[in-house]
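The values are calculated or read from the model by the stated rules, or taken from the named source; none is laboratory data. In this text the structure is predicted, and so the values were computed from the model without any measurement. Reconstructed Cβ throughout: ideal geometry from the backbone, glycine too, with neighbour counts over all protein chains shown.
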Amino acid sequence: MRYSSLVDVYEKVEGTPKRLEKIAHLARFIEEIPADELDKVVLLLQGTVFPTAEEKKIGVAAKLLSKAIALATGYKEIEDHWRTTGDLGKTAAELVKTKKQQTLFAQRITVAKVFANIKKLAELEGEGAVDVKAQYIAELLTSAEPKEAQYIVRTVLGDMRVGAGEGLMRDALVWAYYPKISYLASTCTRCNATQPKTNACVFCRGVVAQPQGKRIINITTQQELTDIADADLIITPNEHIAREVYNTFTQDIQEALDIFNDLPLVARRAKMRSVRKLLDTGLIPGKPLKLMLFQKAQSIKEAFSIVGKPAACEFKYDGFRLQIHRNGDCIKLFTRKLDDVTPQFPDVVEVIGKCVSSHDYILDAEIVGFDTSQQHFAPFQDISQRIQRKYDVHLMSKDVPVLVILFDILELNGRTLIRLPFAERRQLLSSIVKIEDAAIRLAHQLVTDKEDDAAEFYNLALGRGTEGIMVKSLTAPYQPGARVGYGVKIKPTMDTLDLVIVGAEWGEGKRVNMLSSFTVACRDVDKYLELGKVGTGFKEITKNITEGVSFAALTEQLKPLIIREKGRRVAINPAVVLELAYEEIQRSPSYASGFALRFPRLVRLRTDKNAEDCSPLSYVQKLFDEQKR
Ligand code: AMP
């Protein structure tokens, strides 16, 4: 397949702000992709070449890309040009265009070639790797048409701007491969394309009418739908049932994405309509899955009203979330970002091997710093120091010992447990763990239906130096990747926001060459919306992470993520999350989120969170509403 057909879709998706139109373009394209190209295409549509589960990053900075553009086009002043366009992709397109007028012949590039070359970038390491990487990119750019060059550069930089996020891809897979549903679909009377229902045909602007199909299933309730086999249209009695059917399709795909973190795998299964079967095969120890997340409650009363009564109250330990996998003799540890941190925690691997009596499981846990002499919890920063440490890990495990707190189990001896009620999962968990007070424990728990008892437990938790409590439903399943109300957290501290850095400014005076003021954003489905700037709470320079976060250290971390530069301002690929405190949330037309923070200040760097884990706009709105009350 030619890369230009992919570019065509990028342009169409980017060219419309309407979600249904984006879905229509993606679905029509995906539907036609031959099976052997599907893996590559769905990943490239998301602007990557690696499924999330592989944890690899393309990892090429703008500087190296500039070098590659120079190699391919012969122009030297790439960075000057980039400053005027503010977009390295556009710079590449324009320079390739000028160059093209001088060369008549170039080979057409294919999806396979782009995919292969970009993939190699992540695999190259060591001396000379930089030059080889530049050559791989230059090789693509030399054959590329201007628009192709633009998207190649954007993909390598991790700055697609097409907005084909996971939610959109999920819906596109349903529209591409599942039967269309009455009330939600329509067929164009001119070009005959069946598509999501909008005012006019997305593809030819023709008049749209009732959806057409050859293999039709008629249902009166959602439950009647048991087998979609080779149907291409489902007729429902009303829009409500149509939506229910559609939701079961999207939920299956979302669940599979959350569990397997492998878009190509899910796309292949969607094409064969066998996602359900995939879900039934269950979890595989060694392959990380997205974690269940928790909502926030303001009070114990509210907590009970969300999760129901009786509920399990647990201490909320202030440490690092860890997913622990064992498959035979192999134990692996993953963070909530699904990064493999096994090498950093040999002590945890040892205690798990010793104290958990099975060879096949997936556990959910929090690890906390633990001062063995004083018998109390150590600050959160100590552990983040260990996560980032790649050498001397054995020394660190002595200096910063950790305590493993287990609170859930998702798989045991080949059996997937996520659909079991929490009370049963906790029982299974306790049946395989031998507790050692200074090394491994179960989350301290109280099951109660009385608010007074829960309040007393909350005070006990705070007295023991924990952050607060979690209140969990005893009957709920484990839902990977979702912030559903199956558990809530209650903590006394002022609400903070986890916001992602999307921009910054080069400093002046003593901060020259350092990024100083950071523009931060919250998340709204597939977009990041700015919420303000923060420059308070940072140190100038620090020797190690326990002293806090410095401008110097953060600058080093952000430099490879710079995607545009204009004057002193830089745009940054969303990846680094800051936890911020503030005096107040205000309405503001100056920022895309519609809100601004008064007096924001840094609390800490959330190294454990991905950009997608930052606070959603709905949460900012909720805090704003609560503040008014
Ligand atoms: P937050 O990071 O503020 O959204 O709070 C949720 C986090 O609390 C989880 O992701 C865990 O890392 C942590 N945590 C601490 N203790 C528990 C517990 N008993 N159950 C679940 N999560 C816990």
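Quick check: anything in segment 77-91 modelled with pLDDT under 85, under 20 Å from GLY59 (Cβ atoms) and of a type in the set (A, V, I, L, M, F, W, C)? Taking every residue of segment 77-91 in turn, at least one turns out to be modelled with pLDDT under 85, under 20 Å from GLY59 (Cβ atoms) and of a type in the set (A, V, I, L, M, F, W, C).
Can you name every residue in segment 452-467 that is in a helix (DSSP H, G or I) and loosely packed, with under 15 Cβ neighbours inside 10 Å? Within segment 452-467, ASP452, GLU456, ASN459, GLY463 meet the criteria. Residues in segment 173-203 that are touching a strand residue (DSSP E or B) at 6+ places or on another chain (Cβ under 6 Å) and β-branched (Val, Ile, Thr): ILE181, THR187, THR189, THR194, VAL202.
Looking only at strands (runs of 3 or more DSSP E) that lie completely in segment 488-548, which have at least 1 residues being among the polar types (S, T, N, Q) and at pLDDT below 95? Give the steps one after another, and end with the answer.
Values: elements: 497-506, 515-524, 527-534.
Once the strands (runs of 3 or more DSSP E) in segment 488-548 are filtered for at least 1 residues that are among the polar types (S, T, N, Q) and at pLDDT below 95, what remains is 515-524.
When you check GLU411 against the structure, is it away from the ligand (no atom under 16 Å from the Cβ), assigned by TED's automatic domain parsing to the domain that holds PHE370 and either modelled with pLDDT of 95 or more or of a type in the set (Gly, Ala, Ser) (or both), yes or no? Judged against the criteria, GLU411 is a match. Candidates are the residues of segment 426-451 that are closer than 24 Å to ASN327 by Cα and part of a strand (DSSP E or B); the one that is farthest from the ligand (Cβ to nearest atom) is GLU436. Residues considered: LEU554, LEU578. Of these, the only one that is over 20 Å from the mean Cα position of the chain (by Cα) and either surrounded by fewer than 16 Cβ atoms within 10 Å (Cβ to Cβ) or over 23 Å from VAL153 (Cβ atoms) (or both) is LEU554.
Here ALA423 meets each of (1) at pLDDT 95 or above; (2) within 16 Å of the ligand (Cβ to nearest atom); (3) assigned to a strand (DSSP E or B) with one exception, condition (3).
On the given criteria, is GLU540 closer than 30 Å to GLY594 by Cβ, of a type in the set (Asp, Glu) and either in contact (Cβ under 8 Å) with a residue 40 or more places away in the chain or surrounded by fewer than 17 Cβ atoms within 10 Å (Cβ to Cβ) (or both)? If you could, list the steps in order and put the result at the bottom.
Numbers: closer than 30 Å to GLY594 by Cβ: no; of a type in the set (Asp, Glu): yes; either in contact (Cβ under 8 Å) with a residue 40 or more places away in the chain or surrounded by fewer than 17 Cβ atoms within 10 Å (Cβ to Cβ) (or both): yes.
For GLU540, the condition - closer than 30 Å to GLY594 by Cβ, of a type in the set (Asp, Glu) and either in contact (Cβ under 8 Å) with a residue 40 or more places away in the chain or surrounded by fewer than 17 Cβ atoms within 10 Å (Cβ to Cβ) (or both) - is not met.
For LYS390, the test of being over 22 Å from LYS434 (Cα atoms), at pLDDT below 75 and within 26 Å of the chain's Cα centre (by Cα) is passed.
Being of a type in the set (D, E, K, R), surrounded by fewer than 21 Cβ atoms within 10 Å (Cβ to Cβ) and modelled with pLDDT of 90 or more holds for only one residue in ARG569, ARG601, and it is ARG569. Taken together, the residues in segment 452-496 that are more than 17 Å from VAL307 (Cβ to Cβ), away from the ligand (no atom under 11 Å from the Cβ) and under 22 Å from the mean Cα position of the chain (by Cα) amount to 2.
Do we have PRO560 as assigned to a loop (DSSP other than H, G, I, E, B) and within 23 Å of the chain's Cα centre (by Cα) here? Considered against the rule, which asks whether it is assigned to a loop (DSSP other than H, G, I, E, B) and within 23 Å of the chain's Cα centre (by Cα), PRO560 comes out as no.
Report yes if some residue within segment 97-108 is of a type in the set (A, V, I, L, M) and surrounded by 20 or more Cβ atoms within 10 Å (Cβ to Cβ); otherwise report no. So far as segment 97-108 goes, no, none of its residues is of a type in the set (A, V, I, L, M) and surrounded by 20 or more Cβ atoms within 10 Å (Cβ to Cβ).
Rundown of residues vs (1) farther than 16 Å from ILE409 by Cβ; (2) part of a loop (DSSP other than H, G, I, E, B); (3) touching a residue at least 12 places away in the same chain (Cβ under 8 Å); (4) away from the ligand (no atom under 16 Å from the Cβ), yes/no style:
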position: MET292; (1), (2), (3), (4): no, yes, yes, no
position: LYS301; (1), (2), (3), (4): yes, no, yes, yes
position: ILE306; (1), (2), (3), (4): yes, no, yes, no
position: CYS313; (1), (2), (3), (4): yes, no, yes, no
position: ARG321; (1), (2), (3), (4): no, no, yes, no
position: ARG326; (1), (2), (3), (4): no, no, yes, yes
position: ILE331; (1), (2), (3), (4): no, no, yes, yes
position: GLU350; (1), (2), (3), (4): yes, no, no, yes
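Of all residues in segment 137-182, those being β-branched (Val, Ile, Thr) and under 25 Å from the mean Cα position of the chain (by Cα) number 6.
Filtered by the rule that a residue be modelled with pLDDT of 90 or more and away from the ligand (no atom under 13 Å from the Cβ), segment 333-343 gives LEU333, ASP340, VAL341, THR342, PRO343.
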